[in-house]
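Reviewing the structure listed below.
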Amino acid sequence: MNYWDDNITQIIKPDEEAKKRVKARLDNIAKPLDSLGVFEDVLCRIGAIKRDDNIYLNKRALVVMCSDNGVVEEGVSQSDSSVTLSVVKNMSQRKSSVMVMCDKSNVDPYVVDVGVDTDEEVPGIINKKIQRGTKNFVNEEAMTDEDTIKAINVGISMVEDLAKDKYDIILTGEMGIGNTTTSSAICASILKLPATDVTGKGAGLDSIGLIKKTLVIDDAIEKYNLYKANAFDILKTVGGYDIAALTGICIGGAKYHIPVVLDGAITMAAALVASRLVPGTENYLIASHMGRERLCRVVSDELNLKPVINADMALGEGTGAVMMLSLLDNVLEVYNRAANFEDIKIDNYKRLV
């Protein structure tokens, strides 16, 4: 089944010539070659995505997709689903961790309700609610085909709107109690791995809780025969509206040639789904950090991404993405303003093979 039109499913590759020009400019800055490490890779990727070696990230957005997950009924999280709404309200008041970071880093936040378990309208929150959370996938598929597609299209439409508003880069975040379980279930199913390989303690489970969480995932994989399912069916069966909408953000970034910065485990799971639904999407993604959840390393290796920060973070909300951008700002200043070898009248470093 084809869920999107051809101009989405046929992704144009990033511009390799622009990437080479960015690298040449970096090599001409009065510094040792490759000395900014993975940040140089990130700049080259951004240049290729934007098809331009003149890189400015003046207009930046964070999109936070929020939703509840029925599988929380199984005790896979230390918190219950009411916490999702509480954090969303905190975001609306710009008091949550990521909102404070956005204010500091000049990032425009867009918080989207795609499935929070409430009928309450929270001021300042974009209401794109599809359902009041997913079903408990232990008992039935989490989402219907139709609702999964709606959620993906919420993400694609968000990128379309941000592209029209001339945003240079999009950061991703999420909020939804239980979504490390849904993310691990998706990644285990797509990559045909046992749950233990991709599942962590989330927001504070103990060892007994982790065992229960992995058993819930393994049982679902067996129940729905997910090792033999395609990515869309895996997403709708054990995923969430937040992950589906973030999948749309990844696809939209590829369609509209805007770099998309991943945060932690949940956004990485969405990136994995997007890469399977629309191959080539992964070339438009940047991994901000190596999160604490086990799936982060597995998925970043699978998608050939190089997370910038390795700080054992597990906060979510988009905090890692915003933190990485604040570091990237310093590198961009070097890229755009630092002296080159001609300026200081010394010979360039030579790349020795």
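Quick notes on this one:
- The distance between label points at N304 and V100 comes to 4.0 nm (points 7 Å beyond Cα on the Cα→Cβ vector).
- Calculated FRET efficiency, L191 to K13, Cβ-Cβ distance, R0 = 22 Å: about 0.35 to the nearest 0.05.
- Segment I211-K350, length gained on full extension (0.36 nm per residue, minus Cα span): 44.7 nm
- Couplings 3J(HN,Hα) for segment 323-331, derived from phi with the Karplus relation 6.51 cos²θ - 1.76 cosθ + 1.60 (θ = phi - 60°), are 4, 4, 5, 5, 6, 4, 4, 5, 5 Hz, where x marks Gly and Pro.
- Less than 5 angstrom separates the built amide H of N340 from those of A30, all sequence-distant by 5 or more or on a different chain.
- Each principal axis of the Cα cloud of segment 59-110 was evaluated for its coordinate range; sorted largest first, these ranges are 41, 17, 14 Å.
- Cα-based shape type of segment 198-328, given that a ≥ b ≥ c are square roots of the gyration tensor eigenvalues and the cut on a/c is 1.5: oblate
- Of all beta bridges that DSSP places with both ends in the chain, some 5 percent have antiparallel geometry.
- Which listed pairs, of K164/K228; K150/K228; K59/K255, have C-alpha distances above 28 Å, in listed order: K164/K228
- On the basis of the beta-carbon distance and an R0 of 25 Å, K31 and D52 show a calculated FRET efficiency of 0.65.
- For the chain, modelled as a GNM whose springs connect Cα atoms under 10 angstrom apart, the maximal fluctuation among N336, N283, N136 occurs at N336.
- For the chain, the longest principal axis of the alpha carbon atoms and the long axis of helix 38-50 meet at an angle near 80°.
- Using a cut-off of 20 Å between Cα atoms, the listed pairs K129/K212; K23/K350; K135/K223; K89/K128 include K129/K212 as exceeding that distance.
- In order along segment 179-195, phi translates into HN-Hα couplings of 7, 6, 5, 5, 5, 5, 5, 4, 5, 4, 5, 5, 8, 6, 10, x, 4 Hz, rounded to whole numbers, per the Karplus curve 6.51 cos²θ - 1.76 cosθ + 1.60 with θ = phi - 60° and x for Gly and Pro.
- Under 15 Å from the Cα of K19 - aspartates and glutamates, other chains or at least 8 residues apart: D27, D34, E40, D41, D52, D53
- Exposure proxy ranking for I29, I170, I266, based on other Cβ atoms within 10 angstrom of each Cβ and starting from the fewest, stands as I29, I170, I266.
- Averaging the Cα positions of each part gives two centres, and for segment 292-353 and segment 152-224 these lie 24 Å apart.
- The charge dipole of the chain, taken about its Cα centre with unit charges on the Cβ of Lys, Arg, Asp and Glu (plus for the first two, minus for the last two), comes to roughly 960 debye.
- Angle between the chain longest axis and helix 145-164 axis [Cα atoms, degrees, rounded to 10]: 30 degrees
- Net dipole in debye of segment 119-247 [+1 Lys, Arg Cβ; -1 Asp, Glu Cβ; about Cα centre; nearest 20]: 260 debye
- Each peptide in 156-169, 175-188, 60-73, 305-318 gets a packing score, the mean of other Cβ atoms within 10 Å over its residues, and the list from highest to lowest is 175-188, 60-73, 305-318, 156-169.
- Shape summary of segment 272-324, radius of gyration then Dmax from alpha carbon positions: 11.1, 31 Å.
- Since only V299, A339, S288 are under comparison, the one whose Cα sits farthest along the positive direction of the charge dipole of segment 264-352, derived from C-beta charges on Lys, Arg, Asp and Glu, is V299.
- Between 0 and 90°, nearest 10: helix 16-28 axis offset from the chain longest Cα axis: 50 degrees
- As a rough footprinting exposure proxy, the listed residues T267, T144, T118, T319 were ranked by other beta carbons within 10 Å of their own, and the order from fewest upward is T144, T118, T319, T267.
- Anisotropy class of segment 214-286 from Cα gyration tensor, a/c 1.5 cut: prolate
- Neighbour-count ranking [beta-carbon atoms within 10 angstrom, fewest first] of I234, I251: I234, I251
Throughout, read-outs are computed from the coordinates displayed, never taken from laboratory work. Remember, predicted model here, so these are calculated numbers, not experimental data. No Cβ is skipped: glycine too gets one built from the backbone with ideal geometry, and neighbour counts run over all protein chains shown.
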